[in-house]
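Okay, structure first, notes after.
The values are calculated or read from the model by the stated rules, or taken from the named source; none is laboratory data. Everything quoted here is computed from the prediction, not taken from an experiment. All Cβ positions, even for glycine, are placed from backbone atoms using ideal geometry, and neighbour counts span all protein chains on display.
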């Protein structure tokens, strides 16, 4: 797989997780650019700026749900408020360590969430996501 996607966005308060997941994505060579954010507000600012400038949004967003200040659920609410419905093309994958069934149900019922995936991201999981949603 080489460069099927233009951009992947990682949103996770864990720098170590972002680093590890970025290494997995880079090694798989599935995209041209990767951005990672440890604060959801910074990721939302980047998305908002891209919309204002008419730039392409990320193809894929990996989103942690358990983050301080703005958690993944609030990120989704704000994302839906700033991104017009017809521009919501990014695949959003919840990437979390939570095994709480309520989190899984909430993710499945959320219109913007494509899937729920347990951390850590692996090469096999990434390949499955790219094949399932971008082929």
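Here are the numbers for the structure shown:
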| quantity | calculated |
| --- | --- |
| Any hit, region 24-39, residues being under 13 Å from the mean Cα position of the chain (by Cα) and closer than 21 Å to residue 132 by Cβ | yes |
| Selected residue [touching a residue at least 40 places away in the same chain (Cβ under 8 Å) and part of a strand (DSSP E or B)] from 92, 61 | 61 |
| Condition broken by residue 23, with the remaining ones in (1) farther than 19 Å from residue 66 by Cα; (2) not in a helix (DSSP H, G or I) satisfied | (2) |
| Odd one out for residue 51 among (1) under 19 Å from residue 128 (Cβ atoms); (2) surrounded by fewer than 18 Cβ atoms within 10 Å (Cβ to Cβ); (3) touching a helix residue (DSSP H, G or I) at 6+ places or on another chain (Cβ under 8 Å) | (1) |
| Selected residue [farther than 21 Å from residue 24 by Cβ, surrounded by 19 or more Cβ atoms within 10 Å (Cβ to Cβ) and modelled with pLDDT of 95 or more] from 126, 76, 63 | 76 |
